[in-house]
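*Asks:* Supplied in structure tokens, the structure appears directly below.
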């Protein structure tokens with residue numbers, strides 16, 4: 001028979017299972033030594049259970065803790081930060097397994113397990129990850145239930161079924177809290193874990209950067225339109241504008257953040273749509289030109305992009321209205337035009353000379369731009385993700401030697417030539433196109449849709465967008481990157497098992513689109529359900545009321561609902577009406593104040609004998625109450641509650657006023673351990 005306070009075998013079994021299930025989602029970002037640590041600790045714990053090994057002493061525990069800290073320091077480079085913190089949390093979750101002696105220790109490990117389950121959402125918040133998390137939560141609940149069961153009588157699968165039933169019963173309350181509990185913004189934000197970050201656009205651009213993005217199938221965002229989705233060739237998603245060129249890389253102006261939004265005029269029919277953006281650790285948002293959004297802490301910058309105050313560290317849902325035919329800055333400032341004419345002091349002499357020659361031939365900017373576009377279309381230029389390496393004069397080498405490249409080559413070269421010809425121009429980086437999902441009526445844009453194009457300024461017309469890549473590979477703009485690389489066979493060549501490479505297989509493609517549609521719904525309805533979406537939903541139900549009043553009303557209604565739920569669960573009106581049992585509970589409570597707690601399954605006589613040993617000065621009063629209770633309850637004697645109350649009153653007077661007697665506490669602890 002297990003000693004009082006010992007951890008039942010059934011609870012320990014489920015706790016070991018739960019640890020495996022809890023750690024599995026973290027395998028992709030955990031150092032390998034964590035797995036060795038868990039295997040060693042689990043094996044040691046099993047040997048303790050089989051009485052083939054003892055508990056580690058203080059020196060061994062200190063050594064294990066120090067070793068875990070050193071391992072985190074070497075594998076993560078620091079003990080501070082989100083990545084290191086998660087590894088430390090998991091290490092503590094594993095090491096605590098060795099020093100569990102009592103049910104209280106097991107509770108600490110179980111609660112640590114719940115924290116580790118939640119930490120997995122920092123790395124993966126997809127629908128599949130959420131569904132999987134139900135498994136470790138059920139196992140942890142089974143371990144919690146097992147703490148209250150006998151190690152001999154408990155059955156593992158019955159305990160698991162009970163845990164799953166409790167989890168199902170909690171679903172309605174969970175849904176109510178999700179819908180009605182106020183969606184408060186975080187007091188602080190955590191950086192995106194490095195293992196979760198995906199490749200994306202950066203604050204500067206060289207041709208190789210776009211080529212690298214074009215080899216990634218990572219999701220950038222999804223866009224859902226009100227009404228028909230625009231044609232593929234009209235989907236130019238702006239992210240950044242590059243005005244400065246140093247001969248190798250394009251970058252933003254250093255003071256671009258401080259410039260005011262330029263004037264622009266709304267023209268034509270607007271496009272209304274919503275975007276579910278993946279975490280990027282960058283502050284800019286994606287939208288079609290020219291865009292406005294009601295998202296808080298977001299503003300339109302001087303180059304017409306949308307930018308938040310904080311980086312996007314979690315899935316973000318926002319609404320956008322765009323005017324594709326808007327007139328942008330028809331009367332630009334001299335500073336803006338001067339920035340759009342900047343060139344390095346030297347380098348690329350042939351491109352500079354060609355720009356000057358074009359200026360003599362075509363005095364009108366629009367004619368000159370068309371001449372450059374026609375040159376790309378007429379001459380034997382090629383579109384490839386495997387361009388030859390360029391020399392020191394990269395623009396000259398591309399325009400007059402290799403003539404093979406991708407969007408970044410063409411956009412950068414055209415802007416250079418236009419500036420050499422005296423026409424203000426700049427490079428725009430973002431994404432072009434996207435794959436239409438008919439099941440959900442939205443467009444999904446991936447990293448391989450990254451693109452660069454050109455904006456040039458013309459008096460009275462403002463900034464005008466053109467795409468030199470269209471002149472070389474129109475299929476890239478009209479159909480997508482895969483069609484543009486059919487001959488080269490370089491589309492996602494580093495990902496042979498990606499389902500995106502097998503879109504010609506109808507059944508597999510339908511399966512992929514269906515799964516993506518489910519994830520899109522998960523992100524919109526669950527991850528995107530933030531304060532603005534909650535307010536919009538509730539105001540649709542209850543009318544347009546003040547947000548603060550609505551929040552207070554919801555908190556009050558939630559408190560009332562929880563109170564009613566507590567009444568229904570605990571049913572105080574159905575409490576034990578048996579006076580003998582009620583008085584025995586008072587007897588237990590009285591002794592518990594003096595560190596003598598009744599153990600699960602402990603009988604009245606055994607409890608009284610143990611209490612008399614712990615409190616010898618009150619042994620007579622304890623024995624009298626226990627004897628009277630046994631005589632009335634089990635010996636067929638007449639029920640006399642007054643007699644039990646009298647014995648209880650004598651015991652209460654005999655006990656000292658101090659709530660904890662150190663001697664009693666020590667004796668009580670001594671009786672619990674063998």
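*Asks:* Just subtract the alpha-carbon distance of residue 114 and residue 215 from 0.36 nm times their residue separation and send over the number in nm, one decimal.
*Replies:* On the way: separation 101, 0.36 × 101 = 36.36 nm, distance 3.75 nm.
The span from residue 114 to residue 215 would gain 32.6 nm if fully extended.
*Asks:* Using 0.36 nm per residue of separation minus the Cα-Cα distance, give me the extension gain between residue 498 and residue 89 in nm, one decimal. Can you show the working numbers first?
*Replies:* Details: separation 409, 0.36 × 409 = 147.24 nm, distance 3.35 nm.
Result for the pair: 143.9 nm of gain on full extension.
*Asks:* Suppose R0 equals 35 Å; then what is the FRET efficiency for residue 401 and residue 482 from their Cβ-Cβ distance, rounded to the nearest 0.05?
*Replies:* Numbers: r = 28 Å, r/R0 = 0.80.
Computed FRET efficiency for residue 401 and residue 482 comes out at 0.80.
*Asks:* For residue 232 and residue 552, calculate 0.36 nm times their separation in residues minus their Cα-Cα distance, and state this gained length in nm to one decimal. Walk me through the numbers before you get to the answer.
*Replies:* Working: separation 320, 0.36 × 320 = 115.20 nm, distance 4.62 nm.
Additional length available on full extension: 110.6 nm.
*Asks:* Once each part is reduced to its C-alpha centroid, what is the distance from the range 337-404 to the range 449-502 in angstrom?
*Replies:* About 19 Å separates the Cα centre of the range 337-404 from the one of the range 449-502.
*Asks:* Across the Cα atoms of the range 204-506, what radius of gyration and what greatest pairwise Cα-Cα distance (Dmax) are found, in Å?
*Replies:* Computed over the Cα atoms of the range 204-506, radius of gyration and Dmax are 18.8, 55 Å.
*Asks:* Still on this structure, please answer the following. Compute the Kirkwood hydrodynamic radius of the chain, taking the inverse of the mean of 1/r over all pairs of distinct Cα atoms, and give it in Å to one decimal.
*Replies:* Working: mean 1/r = 0.0323 Å⁻¹.
Its Kirkwood hydrodynamic radius stands at 30.9 Å.
*Asks:* I would also like to ask the following. Find the relative contact order for the chain and round it to a whole percent, using C-alpha pairs within less than 8 Å whose residues are 6+ positions apart. Intermediate results must be reported in sequence, preceding the final value.
*Replies:* Working: 939 pairs, mean separation 84.8, N = 674.
Across the chain, relative contact order equals 13 percent.
*Asks:* At 7 Å along Cα-to-Cβ for each site, give me the label-to-label distance between residue 526 and residue 627 in nm.
*Replies:* With each label point 7 Å from Cα toward Cβ, the separation is 6.4 nm.
*Asks:* Taking every pair of alpha-carbon atoms in the range 402-540, what share in percent sits in each 5 Å bin, from 0 to the bin with the longest distance?
*Replies:* Bin by bin from 0 Å, the calculated values are 2, 8, 13, 15, 14, 12, 11, 10, 8, 4, 1, 0, 0.
*Asks:* Taking R0 as 51 Å, what FRET efficiency do you get between residue 96 and residue 459 from their Cβ-Cβ distance, rounded to the nearest 0.05?
*Replies:* Details: r = 72 Å, r/R0 = 1.40.
Calculated transfer efficiency: 0.10.
*Asks:* In vacuum, with every alpha carbon of the range 345-473 counted as one equal point scatterer, what does the Debye formula give for log10 I(q)/I(0) at q = 0.20 Å⁻¹? Two decimals, please.
*Replies:* Evaluating at q = 0.20 Å⁻¹ gives log10 I(q)/I(0) of -1.17.
*Asks:* Cα atoms only, the range 9-177: Rg and Dmax in Å?
*Replies:* Computed over the Cα atoms of the range 9-177, radius of gyration and Dmax are 16.5, 50 Å.
*Asks:* Exposure proxy check: 414, 100 ranked by fewest other beta carbons within 10 Å? Write down the numbers at each step before the final one.
*Replies:* Working: 414 27, 100 20.
In order of increasing Cβ crowding within 10 Å: 100, 414.
*Asks:* Just report the Cα centroid separation between the range 29-54 and the range 72-133, whole Å.
*Replies:* Spelled out, the Cα-based centre of one part sits 16 Å from the other.
*Asks:* Another question, then. When the gyration tensor of the range 441-516 is built from Cα positions, what are the square roots of 5 times its three eigenvalues, in whole Å, from largest to smallest? Show your work: numbers first, answer last.
*Replies:* Working: eigenvalues 200, 49, 20 Å².
Semi-axes from the Cα gyration tensor: 32, 16, 10 Å.
*Asks:* Rounded to the nearest 500, what is the chain's calculated 222 nm mean residue ellipticity when only DSSP H runs of at least 4 contribute -39500 (n - 2.57) each, over all residues?
*Replies:* -15000 deg cm²/dmol
*Asks:* Right, next: Taking every DSSP beta bridge with both residues inside the chain, roughly what % is antiparallel (nearest 5)? Working shown, then result.
*Replies:* Values: 54 of 57 bridges.
Percent antiparallel among DSSP bridges in the chain is about 95.
*Asks:* What FRET efficiency, computed as 1/(1 + (r/R0)^6) with R0 = 51 Å and r the Cβ-Cβ distance, is obtained for residue 78 and residue 585, rounded to the nearest 0.05? Please list the in-between numbers first.
*Replies:* Working: r = 53 Å, r/R0 = 1.04.
In this case the efficiency is close to 0.45.
We did not get these values from a lab; they are worked out from the coordinates using the rules stated. Please read these numbers as outputs of a predicted model, since none were measured by experiment. Note: ideal-geometry Cβ built from the backbone for every residue, glycine included; neighbour counts use all protein chains shown.
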